[in-house]
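Each reported figure results from applying straightforward, stated rules to the coordinates on display, with no laboratory input. Source: prediction; values computed, not measured. All Cβ positions, glycine included, derive from the backbone under ideal geometry; neighbour counts span all protein chains shown.
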Amino acid sequence: ADFDAKKKRKVAEIHQALNSDPIDVATLRRMAISEGGLLTDEIRCKVWPKLLSVNTEDLPPLPGKELREDNKDYQQVLLDVRRSLRRFPPGMPDDQREGLQEELIDIILHVLKRNPQLHYYQGYHDIVVTFLLVVGDRLATALVEKLSTHHLRDFMDPTMDNTKHILNYLMPIIDQVNPKVHDFMQSAEVGTIFALSWLITWFGHVLSDFRHVVRLYDFFLACHPLMPIYFAAVVRDKTEALPCEGAEALAQGAQRSCGCPIPGSVQGQVGHRGLEQPALVAGVGAGWALRTAASTFKDFELASVQQRPDTVLRQRFRERLRTEERTESILAKPRTNRFVKLAVMGLTVALGAAALAVVKSALEWAPKFELQIFP
């Protein structure tokens, strides 16, 4: 009963934030980070666009199949999507899953075509499929495009230089969270490569329960772009200490730790850093940070707090359509009237010329005619 009451209060607070003008994005972020996240996919369909500052009333048209023709990424995307069976709900009918896989391919190719500066990487489809399953293909296309040009931007460079540098944040953060674990990992010469799939798929590739995946996406969408590496550090801190058996054993233990829901301690340790530039690892290549998604987060955050609620957007969208229809009608009428006027003028001129010719001829032969009648 207490849980249901808390859930109802949270739902009410989310809807109130969505209907505020401007939208109360700070509250939406707090709801996404707090216990339970955004609760349902229905709510996520409303809140995720606000966290990414996407106007749901002005979505791009669905991509067409022509994207697959002569596309340099098509074959690799096709292979990755075909291997993504485990990312779909168990028991889903084959025809439905195959249809979603086709939509997944189209979304990825659409985003890449519209943004030639972005480069596909293996694991990108693990993120895209999460949005597809939650919000559907058309809205997913818009959300993934915005995400790709902001939070995921560093992973979509021609090289992995920026991705590797983000991974370099991991050990200093672990040292701050738990020096013993840091020293253990150093002595085991584990490195940071075990966290690569966590980082570039937002844990979507290693979490088996879809509920945990979307809960984690609530968290990351509400936070700073570097939050996934902070979360990886805390998850690694929660992994039980293993004997120094090398990187493989330690990586397996770390992956097993991702199978559980987000612990409250993780929210407590990293949640408060989500809405600001992380300072903990600022000394690790501060100049490099200026060239990454982290450098654009302030502008991204500023744009998000200036959004209008959907009710206002829908009203403005309808008004815009009515204005466009009136404009087309007004433009059409003068065009029609002008043609009519020109036709009438032309006919008038023609008739006038004919009448003038008749009168002129009459004046020429009238005297002769008169003489003939009246000799």
_Tell me which trypsin sites (Lys or Arg not before Pro) from the range 3-77 have a DSSP coil assignment and no more than 16 other beta carbons within 10 Å of their own._
Lys72
*At what distance in nm do the modelled label points of Gln306 and Gln122 sit from each other, each positioned 7 Å from its Cα along Cα→Cβ?*
4.2
*Per the Kirkwood formula on distinct C-alpha pairs, the Rh of the range 1-153 is how many angstrom?*
16.9
*the range 57-142: GluC sites (Glu not before Pro) falling in loop per DSSP and having at most 11 other Cβ within 10 Å*: Glu69
*Residue separation times 0.36 nm, minus the C-alpha to C-alpha distance between Asp58 and His15: what's the value?*
13.4 nm
*Cα centroid separation, the range 1-26 to the range 208-222 (Å)*: 19
*Would you count, across the range 1-54, every pair of lysines whose alpha carbons are under 19 angstrom apart, provided the pair is eight or more residues apart or spans two chains?*
4
*Length added when fully stretched, Val206-Glu102, from 0.36 nm per residue minus Cα-Cα*: 35.2 nm
*Using the beta-carbon distance between Leu85 and Arg138 and R0 = 30 Å, what value does 1/(1 + (r/R0)^6) give for FRET efficiency, to the nearest 0.05?*
0.80
